[in-house]
Amino acid sequence: MAGLAGIAALARLLSARRARLEARRRAEAEPDPAEALREKLAESRVEPAEATPPDAADPGAAAHDETFDERRARIHAKARAAIESMQEPPS
C-alpha cells in the first residue's frame, strides 16, 4: 500500500515537472510583448532632421510658435470662458 502511494506521488511530481517545462518552452517560443512595443515605438519616432516642417495652411502650425506661457494663458482663458458660460442662468 505504501509503495502504491509512493508511485502515485512520483507520478504527480513528474507530471507537474513536465507541465512546468512545457510552459517554459511555450513562453520562450512566444515573442516578448514588451519588446514588440519597444520596436514599434522606435519605428514611430521621427528624427528631427526627417521631420517635415509645418506648412502655413496647417491650423496647428501657429500653436508650435507660441511659448509655453502663451499657450497656458490661452488655454486658461478658454477654460474661464467655458466656466462662465456654464454659470450663466438659462434664458
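Read the figures in this text as sums done on the coordinates, not as results from a lab. Since this is a predicted model, take the numbers as computed values, not measurements. Note that each Cβ is placed from the backbone with ideal geometry, even for glycine, and that neighbours are counted across all protein chains shown.
Some observations on this one:
- Cβ-defined net charge surrounding LEU14, 15 Å radius [Lys, Arg +1; Asp, Glu -1]: +3
- Fewest-first sequence of SER44, SER15 by Cβ atoms within 10 Å of each Cβ: SER44, SER15
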